[in-house]
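First comes the structure, then the notes that go with it.
The values are calculated or read from the model by the stated rules, or taken from the named source; none is laboratory data. What you are looking at is a predicted structure, and each value in this text was computed from that prediction instead of being measured. Backbone-built Cβ (ideal geometry, glycine too); neighbour counts: all protein chains shown. Side chains included, ligands, DNA and RNA excluded: accessible areas come from the protein's heavy atoms. Shrake-Rupley method; radii C 1.70, N 1.55, O 1.52, S 1.80 Å.
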Amino acid sequence: MKKNEKKLVYLPSNTEKEQMKMTKKDIDALSDKEIVDGLKGKDDRITREYFYKYCRIAYAIYNNRYGLEGKPGLDFYSIAHEYYLSLDRHDFRQLDDRNPSVKLKTWMVNGFRFVLLDRLKAYKTEFEICSMDERVGKSNLAFEIPDDNYKSEVNKMVEEACNCFLGRDSRASIIMKMILVDGFKTKDVAAQLGMTPSAVSQRYHKILDEVIIPYFRRNYDIKGSISVCYDEAMSMDSDYSSNIKCDMKAINKEGRVTPDFIKSLKPNEVFVFGSNLAGMHGGGAARIAHLYFGAVMGNGDGIQGQSYAIPTMQGGVDTIRPYVDKFIAYAKQHPGQHFLVTRIGCGIAGFSPDEIAPLFADAAEVENISLPDDFWEEI
């Protein structure tokens with residue numbers, strides 16, 4: 001340092017001074033509310049001492065159960081960072097929505113699990129997905145297929161089944177052809193169609209089990225030819241026909257598309273909206289339901305007035321499924337009412353239609369349920 005050169009000294013701000021006063025003991029003594037407030041305020045020490053500590057506890061529990069270590073995309077930091085981002089995306093409001101009787105630590109460990117399960121689905125899709133012949137074998141189907149003709153015959157079968165029952169240019173048909181015929185991996189299909197890998201995997205397995213394999217089982221002859229027309233397929237027994245989507249999708253959809261904007265309801269109509277478990281109907285469709293259609297503050301689940309609440313803020317997609325199944329069962333039991341399902345989970349909750357719509361696949365067959373147009377496109 002030169003003789004006349006002044007030495008620069010960093011002076012911490014008052015806020016930083018207060019943070020430096022916080023000892024480890026102070027950190028350990030924080031209440032759940034203080035922790036949540038610290039996470040919302042992006043407090044580094046609270047994030048490190050609580051959020052990542054809880055995540056490490058969760059990872060240790062689920063690593064023992066699922067054997068996560070060493071598997072691509074299932075390392076601790078990948079899952080923990082994704083969990084943090086999912087909470088931060090909504091300003092940690094999910095933590096406020098938890099049941100007050102549940103400790104924050106317990107709730108966050110369980111929340112980590114939902115993110116992990118989505119990761120596990122993606123991993124299995126990418127690295128453990130069964131081939132067509134493996135899946136057929138698991139279904140106890142015995143086909144005498146000449147080895148040299150197997151690949152071409154399966155490709156032909158998939159093409160015909162997709163064209164007949166899914167529509168030549170439908171998204172479902174594209175998924176099946178890309179995976180089964182062209183050999184693309186799920187992540188590549190997802191990137192091509194603008195979907196999540198888990199949504200592609202869910203759609204793939206459902207169609208494989210409900211359409212492709214039954215088609216194969218019924219219409220493959222030993223000589224190696226597949227010959228079935230649309231009329232013949234529609235004459236099959238009801239157990240199989242009930243799973244065929246084909247052009248029936250357009251018939252089901254007609255007159256059952258939820259309007260984008262709902263200002264009033266007929267006496268028999270019910271407004272179905274996404275909520276939180278605490279029943280704090282403060283924004284989006286939930287606010288509309290509270291202001292106009294009888295939604296009750298503090299009630300986050302089920303029928304209330306001319307509205308029906310489906311919780312969507314408590315975790316991953318799998319946590320929403322039981323509430324959707326419950327709603328569909330309720331709608332079936334009340335055929336005199338017509339249920340207008342809004343784009344639940346696709347607003348504040350942060351999900352996309354390709355993640356939520358498959359949950360309503362069974363609703364497509366329930367005549368008194370209307371779905372948003374983009375949900376229809378996904379199921």
Log entry, pairs with first residue in the range 294-311 being within 17 Å of ALA349 (Cα to Cα) and free of Cβ contacts under 8 Å to residues at least 40 places away in the same chain, second being charged (D, E, K, R) and open to solvent by 10 Å² or more (accessible area, probe 1.4 Å), beta carbons closer than 7 Å, six or more apart or on different chains, reads ALA309/ASP301; PRO311/ASP301
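Just to verify a result, which residue in the range 316-345, among those that are of a type in the set (Gly, Ala, Ser) and surrounded by fewer than 23 Cβ atoms within 10 Å (Cβ to Cβ), is nearest to PHE114 (Cα to Cα)?
The initial filter retains those residues of the range 316-345 that are of a type in the set (Gly, Ala, Ser), namely 316, 329, 331, 336, 345.
Then drop every residue that is not surrounded by fewer than 23 Cβ atoms within 10 Å (Cβ to Cβ), which leaves 316, 329, 331, 336.
On the way: GLY316: 5, ALA329: 24, ALA331: 27, GLY336: 36 Å.
Selected residue: GLY316.
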Across (1) modelled with pLDDT of 50 or more; (2) closer than 19 Å to ARG203 by Cβ, ILE129 clears everything bar (1)
Quick one: is GLU377 assigned to a loop (DSSP other than H, G, I, E, B) and modelled with pLDDT under 90? no
ASP169 passes all but one of the listed conditions (1) at pLDDT below 70; (2) part of a helix (DSSP H, G or I); the exception is number (2)
Out of (1) surrounded by fewer than 19 Cβ atoms within 10 Å (Cβ to Cβ); (2) modelled with pLDDT under 80; (3) farther than 19 Å from TYR123 by Cβ, the one ILE174 does not meet is (2)
Only unsatisfied item for GLU378, checking (1) open to solvent by less than 40 Å² (accessible area, probe 1.4 Å); (2) more than 24 Å from ALA278 (Cβ to Cβ); (3) more than 13 Å from the chain's Cα centre (by Cα); (4) not aromatic (Phe, Trp, Tyr), is (3)
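So that you can scan it fast, the table gives a plain yes or no per residue for (1) at pLDDT 50 or above; (2) outside any helix (DSSP H, G or I); (3) surrounded by fewer than 17 Cβ atoms within 10 Å (Cβ to Cβ):
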{"site": "TYR10", "(1), (2), (3)": "no, yes, yes"}
{"site": "LYS25", "(1), (2), (3)": "no, no, yes"}
{"site": "ILE35", "(1), (2), (3)": "yes, no, no"}
{"site": "GLY38", "(1), (2), (3)": "yes, no, no"}
{"site": "ILE46", "(1), (2), (3)": "yes, no, no"}
{"site": "PHE51", "(1), (2), (3)": "yes, no, no"}
{"site": "ILE57", "(1), (2), (3)": "yes, no, yes"}
Output for Cβ contacts, cut-off 7 Å, separation at least six or different chains, first residue outside any loop (DSSP other than H, G, I, E, B) and at pLDDT below 85 in the range 66-83, second among the hydrophobic types (A, V, I, L, M, F, W, C) and surrounded by 15 or more Cβ atoms within 10 Å (Cβ to Cβ), reads TYR66/LEU120
Within the range 271-291, restricting to residues that are farther than 9 Å from PRO311 by Cα and open to solvent by less than 20 Å² (accessible area, probe 1.4 Å), the one that is nearest to the chain's Cα centre (by Cα) is VAL272
